[in-house]
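The values are calculated or read from the model by the stated rules, or taken from the named source; none is laboratory data. The structure presented is a predicted model; accordingly, all values stated were derived computationally and were not measured. No Cβ is skipped: glycine too gets one built from the backbone with ideal geometry, and neighbour counts run over all protein chains shown.
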Amino acid sequence: MVAMTKRVKVFEIAFNDPSKTFYCSGDKVAGKVLVEVSEVTRVMAMKVLGVGCAKVEYAKGKQRCREEVDYLKYEDVVQLDEHPTDNDGSVILRPGNKYEYSFGFELPAQGQLVSSYKGKFGFVQYYVKALMERPCQPALECKKHFEVEEPLDVNTPDLLSPTGGMKEKKVTCMFIPDGQVSLNAKIDRRGFCEGEEICIDAKFENTCSRIVVPKAAIVAKQTYQANGRTKVFRQKLSSVRGNHIISGMCDAWQGKSIRVPKIKPSILGCNIIRVEYALMIYMHIPGSEKLILELPLVIGTVPYNGFGSRTNSMSSQDGSISNASNSWVSLRMPSSAPPSYCDITRDCCIDQPLTPLLDDYDGGDSPIFMNAAQFQFPPLPAYSEVEEEFNANARMLPVC
């Protein structure tokens, strides 16, 4: 920010390394205060302040909730190099010259800072402020913000360990039981960085009469605390969806991926602002509340280095999913040719059309029930010998 008056032509802050996008704990913040005047100006003192704070502010009814925490407080009086000063320490600046006040200070050690952040009800910000004190006049000030990003390494045993869970829900219609839906999901680790893929292994079962849709989303949870009150704001960042699952069927995800979008790292060390992330795996059930499983995530700054124990496989609890092959369904057919269907003279009759698929939306909608179509197919010709092997990537499996 540049403050300009009748006497001051230029008053701004410039960092020594303008290409530096962010600073970390222990880094040195250095730069210059640039000054140009349009007429002779006496400067009593030039002060430089380094400020870092977290602030929360929101309305709760008629009450205004505010809270603030300081993380950086630096103050110094800087001088012009090789420039004469009066007995009181003041200097005289003349038009046509460019003056530079140099400054520099180190950020606190690791663990004492919080990454920069700007949210709906609060922020964490850092800036350098310069104050020019002049006789018989109000002090001029200018600011320049800088970003702080504390390193958060996801290559720790806790963040590299798999996590998962299981949820089920009984569905009713007008207080009458209508079956249930269930999901079992797992991811190979908890720590991720921007741009990485999260691989999901999951199984979804549907025994109710409705068509359900499995989905997954990365959600952010922002918690703000002020005046003893807590305000929580949730936001969906990115999502993927699976196939519709009709009644009596199930679906399996093997390594279905969702990319971590461009987001700020998790903030876990601030007393008044907390930013957490989760992978929400859920089933959309028309006419009923979603079945939701949330797996906590930590978004870091140091990406996964390829070491540690990882697995993309998910242990099946009922043995219905197998990873024996990479194809959907692997069949070993008999050596003899199968009988021909041309010899069949009986007509195939479909009494009613297939049930249409649902649109992809999460809003409140009327219950959609499935009325299974009655098909009349002719008996299949008999094979002399058939062996079937079902693979884990089979899209639709009957519920056991």
Problem - Check on LYS28, among the basic types (Lys, Arg), surrounded by 16 or more Cβ atoms within 10 Å (Cβ to Cβ) and modelled with pLDDT of 95 or more - result: no
Exercise for the section: Could you tell me whether the range 73-92 includes any residue that is closer than 24 Å to TYR127 by Cβ and β-branched (Val, Ile, Thr)? Expected result: yes
Practice task
Within the range 216-233, identify whether any single residue is at pLDDT 95 or above and over 30 Å from SER25 (Cβ atoms), and answer yes or no.
Solution key: yes
Exercise for the section: Starting from residues that are within 23 Å of ARG234 (Cβ to Cβ) and touching a His at 6+ places or on another chain (Cβ under 7 Å), keep the ones in the range 167-218 and report whichever is surrounded by the fewest Cβ atoms within 10 Å (Cβ to Cβ). Expected result: LYS215
Exercise for the section: Could you check, for the range 65-77, whether at least one of its residues is surrounded by fewer than 16 Cβ atoms within 10 Å (Cβ to Cβ), outside the structural domain of PRO265 (by TED's automatic domain parsing) and touching an Asp or Glu at 6+ places or on another chain (Cβ under 7 Å)? Expected result: yes
Fill in the blank from the handout: Going through the range 228-262 in order, the residues found to be in contact with a Leu (Cβ under 9 Å, 6 or more places away or on another chain) and either of a type in the set (Asp, Glu) or surrounded by fewer than 16 Cβ atoms within 10 Å (Cβ to Cβ) (or both) are ASN243, ASP251, PRO261
Fill in the blank from the handout: Filtering the range 263-286 for residues that are in a loop (DSSP other than H, G, I, E, B), among the small types (Gly, Ala, Ser) and surrounded by 16 or more Cβ atoms within 10 Å (Cβ to Cβ) leaves a count of 1
Problem - One residue from ALA54, ALA59 being without any contact (Cβ under 8 Å) to a residue 12 or more places away in the chain, over 19 Å from TYR101 (Cα atoms) and aliphatic (A, V, I, L, M) - result: ALA59
Exercise for the section: Among the residues of the range 51-73, write down those that are within 10 Å of ILE272 (Cβ to Cβ) and of a type in the set (Asp, Glu). Expected result: GLU67, GLU68
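Okay, residues lined up against (1) basic (Lys, Arg); (2) within 30 Å of LYS203 (Cβ to Cβ); (3) in contact with a helix residue (DSSP H, G or I) (Cβ under 9 Å, 6 or more places away or on another chain); (4) free of Cβ contacts under 8 Å to residues at least 12 places away in the same chain:
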position: SER115; (1), (2), (3), (4): no, no, no, no
position: GLN125; (1), (2), (3), (4): no, no, no, no
position: VAL128; (1), (2), (3), (4): no, no, no, no
position: LEU131; (1), (2), (3), (4): no, no, no, no
position: PRO138; (1), (2), (3), (4): no, no, no, yes
position: HIS145; (1), (2), (3), (4): no, no, no, no
position: GLU149; (1), (2), (3), (4): no, no, no, no
position: THR156; (1), (2), (3), (4): no, yes, no, no
position: LYS167; (1), (2), (3), (4): yes, yes, no, no
Practice task
Mind listing whichever residues of the range 94-133 are surrounded by fewer than 18 Cβ atoms within 10 Å (Cβ to Cβ), small (Gly, Ala, Ser) and within 24 Å of the chain's Cα centre (by Cα)?
Solution key: GLY111
Fill in the blank from the handout: The strands (runs of 3 or more DSSP E) lying entirely within the range 24-122 that contain at least 2 residues which are farther than 30 Å from GLN235 by Cβ and touching a Phe, Trp or Tyr at 6+ places or on another chain (Cβ under 7 Å) are 28-37, 45-60, 63-78
Completion exercise
Out of (1) out of contact with any Ser or Thr (no Cβ under 8 Å at 6 or more places or on another chain); (2) within 13 Å of TYR282 (Cα to Cα), the one ASN206 does not meet is (1)
